[in-house]
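Asks: Just passing along the structure, written as C-alpha cells.
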Amino acid sequence: MSDDGYTGLAATPPMGWNSWNAFGKEVNEAVVRQMADALIESGLRQAGYTYVVIDDHWHGGRDEHGALYPHPQKFPSGMPALAEHLHARGLKFGIYSDAGEKTCGGEPGSLGYEEIDARTFADWGVDFLKYDFCHAPDDRATAERLYRKMGAALRQTGRPILFSICEWGHHRPWLWGRAAGGHMWRTTGDIWDGWRDGPHVAQNGIDSIGFEQQRGLEAYAAPGGWNDPDMLVVGLRGRGAIGGPGCSDLEYRTHFSLWCLLAAPLIIGCDLRQVDPVSLETLSNPEVIALDQDPLGRQGYRVCRLGRCEVWVKPLANGDLGVGVFNRDDAARAVNVPWSDLEIESRWQARDLWQRADLGAFEGSFSVELESHACCILRLSPG
Ligand code: GLA
C-alpha cells in the first residue's frame, strides 16, 4: 500500500448500483436483495456491475457505545447478513455516510465518529463507502481534512474499502481526493433525470453535467482515482426519487456513451425490477463498457466543436481510439470529422459500437448524420 491513497482498488472505474436515484428515502433490505437478484438475472453483474450501494436513510441511530446501527424495520436482518447475502452472489456491499454531523437527509453523520464508523463498516463487511458533505463547514481546508480523516480510518481497518468522495466538486476534490484516500470524487451537484437542468441546484441535466462540467478534468483521472459526474439515470423514465421529466432512448444512450468516454464510475440508479429492455440494452453494451473499463484509464476529452455538435476522444491501451460524435442540438445534424481534429493521419478502421458493426476503412475523415441529442460511438483502429 502506498501512502498516496492508492490501494489497488478501482484500477478501472467502479461499476454497480446505488439506491438513491430510484428509491431515495424508501430503501430497505428487501429492495437491496431484489436488486441483487435483478443484477444477476439481467446479466448486469456479468457485465461488470458488482457494487450494490445503500445510499442515505439506512440508519437507526447510535447505540450507547456510539456505534451506528441500521433502521430495525427497514433492515431487520442487520447489515452483516446483508453483506453475506451479497458476497455469496459475487457482489460487493456499499454503504453511505457523511463527513458532517448529519447526512444530507438528516441521519447521523460520522463527524467525530470516523474511527468507530470505519470499524463498524469493516466489521459489517462493507466494500464501498460513499461519503457525503452536508452539515460540515464548507471550506476547502475542512473538506480535505475530514476526507483525509475518514480515508485514514478506512485504511486503518485493514479491509479494502473503496472510498467515494461526495462533496460535489465545491473544493476541487480532483486536486486532493486521491491523496485523501479517495478512489472517486464527485465533480458536480446532483444529477436529475432530464436532458436539461431543472430550476433547482440539485437538478443538473445530462447535457450540462456531461458536456460542460467535466471538461478540463481529464488530467486528474487515472487508475485508482476517478472523476465522478454522478450516477446514471438510464432507465429511470421520469419515475425516480430524484425527479426529472425522463429522457428519450437516444438521450439515455448519449448519457451512457459520454460517461464511458469520460472513464466515469458506472453506477446504475434505476429500479432493476422494472427496467425496460432498451435501457437494459444500453447499460449492457459490452463494447461501450469496454471503453469505460479500458486499462489505460485515460479520461476522454473534447477535441472539437462544430456548432452544437462535439467530438470527444478517449485513447485506449492497445493504441485504438474511442471516439464520440455528439449532437447536442435540437435538430438533426450532419457532422464531418476530419482526422486532423483527432490528431491522426492516414487510414483507420472504424467500428460503430451501437450498431455493433464494422464500417470499414476511412482515410482523412469520417461523416455521420445524427438525430437531435444522438451520438455515434466509434472504435478506431490503425490500418
Ligand atoms: C446528496 C448526494 C446525493 C445523495 C443524497 C442523499 O445530495 O449528492 O447523491 O447521496 O445526498 O441524501
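The values are calculated or read from the model by the stated rules, or taken from the named source; none is laboratory data. Given the structure is predicted, the values throughout are model-derived calculations rather than measurements. Reconstructed Cβ throughout: ideal geometry from the backbone, glycine too, with neighbour counts over all protein chains shown.
Asks: Scan the stretch 79-118 for residues that are free of Cβ contacts under 8 Å to residues at least 40 places away in the same chain, away from the ligand (no atom under 15 Å from the Cβ) and either part of a helix (DSSP H, G or I) or within 19 Å of residue 26 (Cβ to Cβ) (or both) and jot them down.
Replies: Within the stretch 79-118, 81, 87, 88, 114 qualify.
Asks: Are there any pairs with C-beta distances below 7 angstrom linking a residue in the stretch 55-69 that is touching a residue at least 60 places away in the same chain (Cβ under 8 Å) to a residue that is within 11 Å of the ligand (Cβ to nearest atom) and outside any loop (DSSP other than H, G, I, E, B), with the two at least 6 apart or on different chains, and if so which?
Replies: 55/18; 55/20; 55/96; 55/130; 56/20; 56/96
Asks: Something else about it: Name the pairs: first residue in the stretch 23-43 and free of Cβ contacts under 8 Å to residues at least 24 places away in the same chain and among the acidic types (Asp, Glu), second residue within 16 Å of the ligand (Cβ to nearest atom) and in a loop (DSSP other than H, G, I, E, B), Cβ to Cβ under 9 Å, at least 6 apart or on different chains?
Replies: So the pair list comes out empty.
Asks: Look through the stretch 189-205, keep the residues that are within 20 Å of residue 54 (Cα to Cα) and touching an Asp or Glu at 6+ places or on another chain (Cβ under 6 Å), and return whichever of them is modelled with the highest pLDDT. Spell out how you get there, then give the answer.
Replies: The first filter runs over the stretch 189-205 and keeps only residues within 20 Å of residue 54 (Cα to Cα), leaving 189-193, 202.
Narrowing the set further to residues that are touching an Asp or Glu at 6+ places or on another chain (Cβ under 6 Å) leaves 191, 202.
On the way: 191: 98, 202: 92.
Looking at the filtered set, the residue picked out is 191.
Asks: Check 12, 7 and return the single one that is in a loop (DSSP other than H, G, I, E, B), more than 16 Å from the ligand (Cβ to nearest atom), modelled with pLDDT under 95 and of a type in the set (S, T, N, Q).
Replies: Details: 12 fails: modelled with pLDDT under 95.
Answer to the selection: 7.
Here's the yes/no breakdown for (1) touching a Lys or Arg at 6+ places or on another chain (Cβ under 9 Å); (2) more than 26 Å from residue 247 (Cα to Cα):
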| residue | (1), (2) |
| --- | --- |
| 286 | no, no |
| 304 | no, no |
| 311 | yes, no |
| 327 | yes, no |
| 346 | no, yes |
| 349 | yes, yes |
| 356 | no, no |
| 366 | no, yes |
| 373 | yes, no |
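Asks: Hey, among 181, 244, which residue is modelled with pLDDT of 95 or more, crowded, with 24+ Cβ neighbours inside 10 Å and more than 30 Å from residue 271 (Cα to Cα)? Step through it out loud before you land on a result.
Replies: Values: 244 fails: more than 30 Å from residue 271 (Cα to Cα).
Answer to the check: 181.
Asks: Would you mind stating whether residue 198 is within 15 Å of the ligand (Cβ to nearest atom) and more than 17 Å from the chain's Cα centre (by Cα)?
Replies: Values: within 15 Å of the ligand (Cβ to nearest atom): yes; more than 17 Å from the chain's Cα centre (by Cα): yes.
Criteria met by residue 198.
Asks: Looking at residue 239, is it in contact (Cβ under 8 Å) with a residue 12 or more places away in the chain, over 24 Å from residue 139 (Cα atoms) and of a type in the set (D, E, K, R)?
Replies: yes
Asks: Just checking: which of the helices (runs of 4 or more DSSP H) contained wholly in the stretch 267-383 hold 2 or more residues that are over 26 Å from residue 184 (Cβ atoms)? Write out each step before concluding.
Replies: Working: elements: 277-284, 286-292, 339-342.
Output list reads 277-284, 339-342.
Asks: Condition test on residue 22, is it more than 16 Å from the ligand (Cβ to nearest atom), among the small types (Gly, Ala, Ser) and at pLDDT 95 or above? Write out each step before concluding.
Replies: Numbers: more than 16 Å from the ligand (Cβ to nearest atom): no; among the small types (Gly, Ala, Ser): yes; at pLDDT 95 or above: yes.
No, not satisfied.
Asks: Within the stretch 19-32, is even one residue within 24 Å of the chain's Cα centre (by Cα) and assigned to a strand (DSSP E or B)? Show your work before the answer.
Replies: Let us first name the residues in the stretch 19-32 that are within 24 Å of the chain's Cα centre (by Cα), namely 19-32.
Adding the requirement that they be assigned to a strand (DSSP E or B) leaves none.
Looking through the stretch 19-32, none of the residues is within 24 Å of the chain's Cα centre (by Cα) and assigned to a strand (DSSP E or B).
Asks: Step by step: first the residues of the stretch 213-239, then only those that are over 17 Å from residue 314 (Cβ atoms) and surrounded by fewer than 24 Cβ atoms within 10 Å (Cβ to Cβ), then the one that is farthest from the ligand (Cβ to nearest atom). Which residue is that?
Replies: Here the answer is 224.
Asks: Would you mind stating whether residue 264 is among the small types (Gly, Ala, Ser), assigned to a loop (DSSP other than H, G, I, E, B) and in contact with a Leu (Cβ under 9 Å, 6 or more places away or on another chain)?
Replies: On the way: among the small types (Gly, Ala, Ser): yes; assigned to a loop (DSSP other than H, G, I, E, B): yes; in contact with a Leu (Cβ under 9 Å, 6 or more places away or on another chain): yes.
In short, yes.
Asks: Can you work out which of the residues in the stretch 178-195 that are among the small types (Gly, Ala, Ser) and under 26 Å from residue 308 (Cα atoms) is nearest to the ligand (Cβ to nearest atom)?
Replies: So in the stretch 178-195, the residues among the small types (Gly, Ala, Ser) come out as 179-182, 189, 194.
Filter once more, keeping what is under 26 Å from residue 308 (Cα atoms): 189, 194.
Working: 189: 7, 194: 16 Å.
Selected residue: 189.
For every residue, the table says whether it meets (1) at pLDDT 95 or above; (2) more than 16 Å from the ligand (Cβ to nearest atom); (3) part of a loop (DSSP other than H, G, I, E, B); (4) surrounded by 24 or more Cβ atoms within 10 Å (Cβ to Cβ).
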| position | (1), (2), (3), (4) |
| --- | --- |
| 142 | yes, yes, no, no |
| 152 | yes, yes, no, no |
| 159 | yes, yes, yes, no |
| 176 | yes, yes, yes, no |
| 210 | yes, yes, no, yes |
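Asks: Determine if the stretch 79-90 includes at least one residue that is crowded, with 23+ Cβ neighbours inside 10 Å and acidic (Asp, Glu).
Replies: For the stretch 79-90, residues crowded, with 23+ Cβ neighbours inside 10 Å and acidic (Asp, Glu): absent.
Asks: I've got another one for you. Among (1) closer than 23 Å to residue 51 by Cβ; (2) touching a residue at least 40 places away in the same chain (Cβ under 8 Å); (3) touching a Ser or Thr at 6+ places or on another chain (Cβ under 9 Å), where does residue 131 come up short?
Replies: Answer for residue 131: the failing condition is (2).
Asks: Quick one: is residue 48 under 26 Å from residue 262 (Cβ atoms), of a type in the set (Gly, Ala, Ser) and within 16 Å of the ligand (Cβ to nearest atom)? Before the answer, list the steps.
Replies: Details: under 26 Å from residue 262 (Cβ atoms): yes; of a type in the set (Gly, Ala, Ser): yes; within 16 Å of the ligand (Cβ to nearest atom): no.
Spelling it out, it is not the case that residue 48 is under 26 Å from residue 262 (Cβ atoms), of a type in the set (Gly, Ala, Ser) and within 16 Å of the ligand (Cβ to nearest atom).
Asks: Report, by residue number, each residue of the stretch 328-353 that is touching a helix residue (DSSP H, G or I) at 6+ places or on another chain (Cβ under 7 Å) and touching a residue at least 12 places away in the same chain (Cβ under 8 Å).
Replies: Taking the stretch 328-353 first, the residues touching a helix residue (DSSP H, G or I) at 6+ places or on another chain (Cβ under 7 Å) are 328, 345, 353.
Listed by number, the residues that qualify are 328, 353.
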